[in-house]
Amino acid sequence: MFLPFSPPPSTSLFPVFLLLLLFLPPSLVSSSLSHTPLSWTSPHDPCYHLDGRPRHCLSEFINAAYGVPVNASHSQQGPDYDSNIITLTDLHNPHNLTCWMAHRGTDTGEWVLTVPLGRRFEITYISLQFCHQGEPSDPISISILKSMDFGRTWRPMQHYSSDCLGNFGLPSQTVAQTRHQETEPLCSDPRPLQKQRGGMVLAFSTLDGRPSSPDFDHSPTLQDWVTATDIRVVFHQLSKVAKAGNLDKKQEARWRDAPLALSDLQVGGRCKCNGHASRCRRDDTGRAVCVCEHHTAGPDCDVCEDFYFDRPWHRATPTHPNPCVACECNGHSNKCRFSMEVFQQSGRHSGGVCQKCRHHTAGRHCQYCQNGYTRNHSKPLNHRKACQPCQCHPLGAVGRWCNQTSGQCLCREGVMGLRCNRCAPGYKQGKSPLRPCIRKFTATIYAKEESRKRCVSYCQPSQVKVRMNLETYCLKDYVLKVQVRGMERSGPWWQFSISVQTVFRTGSTSRVRRGPQSLWVPDRDLGCGCPALHVGRTYLLIGAEEGERGWGPEESRLVADRSTLALQWREHWSPKLRGFRGQDKRGRCPPKSPNSHHREHSKPQSGYVPPHLLTEKDSDSVNTHSVEVDETQTLAVPHTHPHTEVKSTVATPSPTTPALVCSTQGPE
């Protein structure tokens, strides 16, 4: 809009700045008036409170165009027609105007004035002072544009025209209707305010009429809207006025033949320092740079300085100064990086990761000791000798590794002590450097060895071929998928509380259903680990029919003993076991003969070998019904217990029937 007035003697900033107080948002007015004098006269740094806490600070409000040469070009005269104009940006004196006048014969076409600011500024206003006082007789059309990339691309900020819709395709308005429109150029008629105070000034406020301007410090959209590195003013239509003022006769004669005459161009704003600097100075190359505080860096204080990467960079606001925070490396490193993943995992509190830890430390905060070193608790964590070498015995320890916190070395068999320098109870010092401590063979150890050998003999041979096809499946008393819930002793037996999840097979004497059940295991069998059952685990339980178990004929209990397989469950067994169950239901399992059952019960306990543990040689003597080869499915499983190592071989299936191989280790 045009604001005619007769300014008093002042510097180049004062006349227009007073006018703009009517249009600036309260946040910018208060910061430029009340904060600025304090910030330049206060003995302490304005970016910090008196107690040292960081706070939001602003660089000095200046005329960014002062002393900057202006480039003027005409659309019909070619580029750089009249460059390096300094009369528009010199010290403005209303009593001694220095005017720039367009050349004669340029009444048609466009005049373009470009002001390179040399760095990013947050622009508050742009003003043009004309050399005449009268009202233009013809319509005038002006555009104000900005560049954020030093003149490579341009974006319009404001249009002035008496015919906005015809010249720019925009309605005439001075206020953005919505927040989505507040970063779009508006168009208005500049002439209604030309007669105020006798002068002619075109003043554009970048935030006037923008809905989010009261919340500028928290609006990244508006912060981007006011940022510029270059300003361009385009005069689309030129007109002459009737009366000139403040010019001598010779200048007035020249002006009357000129289509355009300007005396001053101002761009008011601050160096874009993102609230992290109170000063903006010239560097050795003459370019204005922010004097960054809060451990920020960069020409706009838009990055964190080295080693202050514990949190991501943010612009400072009046409520949150957002300083950059140093990484916590306990004095063992001066280099770190930021990790967003670590930052998110910490609850958005800390994301710094230390690099190149010194003094034999390691870890994200250099809080651990490297391999071969342990914590020296007589020194604080930030001491250069906080980690000391491991004191492991060269013979009793395996290598030079030790626990980084306690210093416990990794000892060889039979060796103990923090440094692995003593023989454990039951061991004595040996003569070999590979076995510095050897076992003492006492009566107790001998008894344990004998007990282990008896268990191995009692729990079946150590190497057998474990095979189960439909033929042996049909001989089982039960095939169940169970989960062990608990256990308690009951005389010579152990009672396990189990949950039967799937019933694949039950014999005529075993009526097992899904749900809670009790499983009884003899104490001797469980002591030798056959079967080995652990609370909380799921097993495939295969119980073969065997002889007497010591129960009366009226009692019916689910029993697992040394002839029972307890294999940790594997999901890939389920389809084949269901296949066996399906064939059983279709009548593929032959009925057992009473004689065969009587012979099994008459066998002595010590010589009994369950059907699923028969070797190939023994399997010929078992009286079972045969099944067609092409209808047989084979399940090969290993039978193991803690005292044996079983080599399981997979039975060869028929070409038309796939085999199920259950390769698993026994219960731990």
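Odds and ends about this structure:
- Ordered from highest to lowest accessible area with the whole protein assembly present and a 1.4 Å probe, Trp111, Trp520 read as Trp520, Trp111.
- Extended-chain gain in nm, criterion 0.36 nm per residue less alpha-carbon gap, Met340 and Leu395: 15.2 nm
- Per-residue SASA entry for Lys440, accessible area with 1.4 Å probe, Å² rounded to 10: 90 Å²
- For the stretch 519-526, 3J(HN,Hα) per residue [Karplus equation, 6.51 cos²θ - 1.76 cosθ + 1.60, θ = phi - 60°, Hz, x = Gly/Pro]: 10, 9, 10, x, 4, 5, 5, 5
- Here the label points at Gln388 and Arg489, each 7 Å from Cα along the C-beta direction, are separated by 4.7 nm in the simple model.
- Protein-only accessible surface order, largest first, of Trp401, Trp494 at 1.4 Å: Trp401, Trp494
- Estimated from the Cβ-Cβ distance and a Förster radius of 22 angstrom, the FRET efficiency linking Asp283 and Asp45 is about 0.60.
- Under a 5 Å amide H cut-off, with hydrogens placed 1.01 Å from N, Cys369 pairs with Ala362 among residues at least 5 apart or on other chains.
- Surface accessible to a 1.4 Å probe, per residue, for the residues of the stretch 383-442, Å²: 69 Å²
- Among the protein heavy atoms of the stretch 268-376, carbon and sulfur supply 48% of the accessible surface, probe 1.4 Å, non-protein parts ignored.
- Per-residue accessible area (protein heavy atoms, 1.4 Å probe) orders Arg581, Arg452, Arg524 as Arg524, Arg452, Arg581, starting from the largest.
- Accessible surface for Tyr160 stands near 10 Å², nearest 10, in the context of the full protein assembly shown (1.4 Å probe).
The values are calculated or read from the model by the stated rules, or taken from the named source; none is laboratory data. Just so it is clear, the structure is predicted and the values come from calculations on it, not from any experiment. Using ideal geometry, Cβ is built from the backbone for each residue, glycine included, and neighbour counts are taken over all protein chains shown. Side chains included, ligands, DNA and RNA excluded: accessible areas come from the protein's heavy atoms. Shrake-Rupley method; radii C 1.70, N 1.55, O 1.52, S 1.80 Å.
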